[in-house]
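Note sheet for the following structure.
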Amino acid sequence: MANNGRRSVKAKKGPTIGTGGHGRKALEGKGPTPKAEDRPYHKAHKSKQLSERSAAKRGTGARSAGASRTGPKGRATEEVVTGRNSVVEALRAGIPAKALHIAIRIEMDDRVKESLKIAAERGIPLLETGKPELDRMTDDAIHQGLVLQIPPYEYQDAYDLAEETVERWKKGHVSNAPLFVALDGITDPRNLGAIIRSVSAFSGHGVVVPERRSVGVTASAWKTSAGAAVRVPVARAANLNSALKQFKNMGIFVLGLDGDGDVSLPDLTLASEPVCIVVGSEGKGLSRLVRENCDQIVSIPINSAMESLNASMAVGISLYEISRQRAVK
């Protein structure tokens, strides 16, 4: 095609308009590459989830007395009692309950009927719940179509409980001198339940447990206490050693229980004074710092063939002796 003698001239390239930084984010990196187990699309992530579920089942699947559910920072948010025998026993013991969940079209037997009867008498809500939801609530534990939901225990503050008890005693509102039991490193809820029962039997004023690495008031503890947990307050201390120092400043003598004590229990001279008995775990005993904060270390005379006593048994014997000495003075 003719161009009429004119040549086409290519336009000279000049400066182009910039983006004004709008593309800067696209140039930035996305940070370090996540681990394979943290990438949802990677098979390592699925393996991690399966491992966690398996570990959870090993820890909760075999429990029939109760399974605690935990929230952020490991704090218990709710607890459930699972299985027909455990549920009916918990209801008989008067454990506080939030609701009784019953499977849809559950096969009735005497345990289910009694559970329904007690729940109705106590005004506990009855909720008909599907099996998938019951499985989720119990972390796939064996529930037999019956799950009792337990509200979190409301702990008192250790310092407030001690201060209030001392003031009431000084004003004559409490007949006997303040008497507490503190637990050092005990993790078995049945021990706690038995100790609460002994404290109630011998007119004690409370039990103190540390916030960390310690047992709490679970359904098992409630059941072992045989209802005494309703009468005996359980207080928590952020730091047990600090709490013991505060007790001593209030005039409460701190007595640690240990096999190689400074004084034998029958020779105890502080029984009539305000007292806090501290008991350690059966295997480790009292921790070093707790031992140093005790006014006396008290031992219980036992047969030399027996290495140690169960924590709850040692507390029961000590409370009996203190109660006996107070009664004769």
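The values are calculated or read from the model by the stated rules, or taken from the named source; none is laboratory data. Quick caveat: nothing in here was measured; it's all calculated off a predicted structure. Note that we place each Cβ from the backbone using ideal geometry, even for glycine, and neighbour counts take in every protein chain shown. To get the accessible areas, we keep the full protein, side chains included, count just its heavy atoms, and leave off ligands, DNA and RNA. Shrake-Rupley method; radii C 1.70, N 1.55, O 1.52, S 1.80 Å.
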Practice task
Find out how many positive minus negative residues lie around residue 178, taking Lys and Arg as positive, Asp and Glu as negative, among other residues whose Cβ is under 11 Å from that of residue 178.
Solution key: -2
Exercise for the section: Compute the signed sum of charges (Lys and Arg +1, Asp and Glu -1) over the other residues within less than 14 Å, Cβ to Cβ, of residue 160. Expected result: -3
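Give me Rg over Rh for the range 255-329, both radii from the alpha carbons and Rh done the Kirkwood way, two decimal places.
Values: Rg = 11.9 Å, Rh = 12.6 Å.
Across the range 255-329, the Cα-based Rg/Rh ratio is 0.94.
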Exercise for the section: Would you please classify the overall shape of the range 187-232 from the alpha carbon gyration tensor, given that a ≥ b ≥ c denote the square roots of the eigenvalues, rounded means a/c under 1.5, and beyond that prolate means a/b larger than b/c while oblate covers the rest? Expected result: oblate
Practice task
Give the long-range amide H neighbours of residue 276: residues separated by 5 or more places, or on another chain, with amide H under 5 Å away, using H modelled in the peptide plane at 1.01 Å from N.
Solution key: 180, 253, 254, 255
Practice task
Sort the range 222-269 into rounded, prolate or oblate with this rule: let a ≥ b ≥ c be the square roots of the eigenvalues of the Cα gyration tensor; rounded if a/c is under 1.5, and if a/c is not under 1.5, prolate when a/b is larger than b/c, oblate otherwise.
Solution key: oblate
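Holding the Cα-Cα limit at 24 Å, pick out from 223/284; 223/248; 98/131 the pairs that are longer than that.
On the way: 223/284 26 Å; 223/248 32 Å; 98/131 19 Å.
In this structure, 223/284; 223/248 lie more than 24 Å apart at Cα.
Run through the DSSP bridge list for the range 233-310 and note the antiparallel percent, rounded to the nearest 5. Can you show the working numbers first?
Numbers: 1 of 10 bridges.
Counting DSSP beta bridges with both partners in the range 233-310, the antiparallel share is about 10 percent.
Classify the range 149-197 as rounded, prolate or oblate from the Cα gyration tensor: take a ≥ b ≥ c as the square roots of its eigenvalues, call it rounded if a/c is under 1.5, otherwise prolate when a/b beats b/c and oblate if not. Could you put the intermediate results ahead of the total?
Working: a/c = 2.39, a/b = 1.83, b/c = 1.30.
Because a/c hits 1.5 or more and a/b exceeds b/c, the range 149-197 counts as prolate.
Mind ranking 273, 292 by accessible surface for me, highest first, 1.4 Å probe?
On the way: 273 75, 292 115 Å².
Final ranking, largest accessible area leading: 292, 273.
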Exercise for the section: Using a 1.4 angstrom probe on the protein heavy atoms only, line up 128, 167, 114 by accessible area, largest first. Expected result: 128, 167, 114
Completion exercise
Once all protein chains are kept in place, residue 312 shows an accessible area at probe 1.4 Å, nearest 10 Å², of 20 Å²
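Compute the signed sum of charges (Lys and Arg +1, Asp and Glu -1) over the other residues within less than 12 Å, Cβ to Cβ, of residue 115. Spell out each step's value before the answer.
On the way: positive: 84, 92, 111, 113, 117, 122; negative: 89, 109, 110, 114, 121.
Once positives and negatives cancel, what remains is +1.
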Completion exercise
Bounding extents of the range 89-230 in its principal axis frame from Cα atoms, largest first in Å, are 58, 33, 21
